[in-house]
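Peer 1: First the structure, then my questions, so here it is.
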Amino acid sequence: MTAIADPAEAPPKKRSKLPLILGVVLAIAGAGGGFMAVRMGLLGGGSTEAESAPAAEADAHAAPTVAPVSYVALDPLIVNMPRSTGRQFLRFAASLEVADGRAAEVEALKPRIADVMNSYLRAVEPEDFEDQMILTLIRAQLLRRIQVVTGEGRVRDLLVTEFVLN
């Protein structure tokens, strides 16, 4: 009997790994070329570290320009604390950093500002004063409320000058 080879039983042809290897090599070469192009400043508009270092050093030594500001001192507030805290009162004093030329407008609104500050400070829970970040929280909350009362663009910052719990 003669043996006839069945084409279905023939071993499958192995795929060539050349396209895969070629793809990996081209990807690495492209990534390296792109990195060098950006690093040299050909793409991305960036400058090299050697060029930007003297400029950054000069900027660090330059005095910052500060816009002209005025300060409005607020009357100190004394807020009674609940007896359960063991403390009797909170003494709070602050100044407002005001845009130049707006001090008179903010000065006229001091009674409203005092009202907003009193309302907020009386609403702070006694156990909140145990938190180390309470001053930062109070400052941020009061600044936002004061900015609402005075209108945007007048008060830039709230500077706490006295914060005493007795």
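The numbers here are math on the coordinates, done by the rules we state, and not lab data. This one's a predicted model, so the numbers in the text were calculated from it and none came from an experiment. A quick note on method: Cβ atoms are made from the backbone with ideal geometry, for glycine too, and the neighbour counts reach across all protein chains shown.
Peer 1: Fewest first, what order do Lys13, Lys110 take by the number of other Cβ atoms within 10 Å?
Peer 2: Working: Lys13 6, Lys110 15.
Lowest count first: Lys13, Lys110.
Peer 1: Sort Leu109, Leu42 so the one with the fewest other Cβ atoms within 10 Å of its own Cβ comes first. Spell out each step's value before the answer.
Peer 2: Working: Leu109 18, Leu42 11.
If I rank by nearby Cβ atoms, fewest first, I get Leu42, Leu109.
Peer 1: To the nearest 0.05, what FRET efficiency results for Asp100 and Tyr120 with a Förster distance of 45 Å applied to their C-beta separation? Please list the in-between numbers first.
Peer 2: On the way: r = 27 Å, r/R0 = 0.61.
Step by step, r from the Cβ atoms, then E = 0.95.
Peer 1: Further question: Quick check for you: which residues of the stretch 92-126 have the amide N under 17 Å from the point 7 Å beyond the Cα of Met133 toward its beta carbon?
Peer 2: 125
Peer 1: Here's something else I'd like to know. Based on Cα positions only, what radius of gyration and what Dmax would you give for the stretch 69-165, in angstroms?
Peer 2: 13.6, 45
Peer 1: Could you list Ser95, Ser119 so that the one with the fewest beta carbons within 10 Å of its beta carbon is first and the one with the most is last?
Peer 2: Ser119, Ser95
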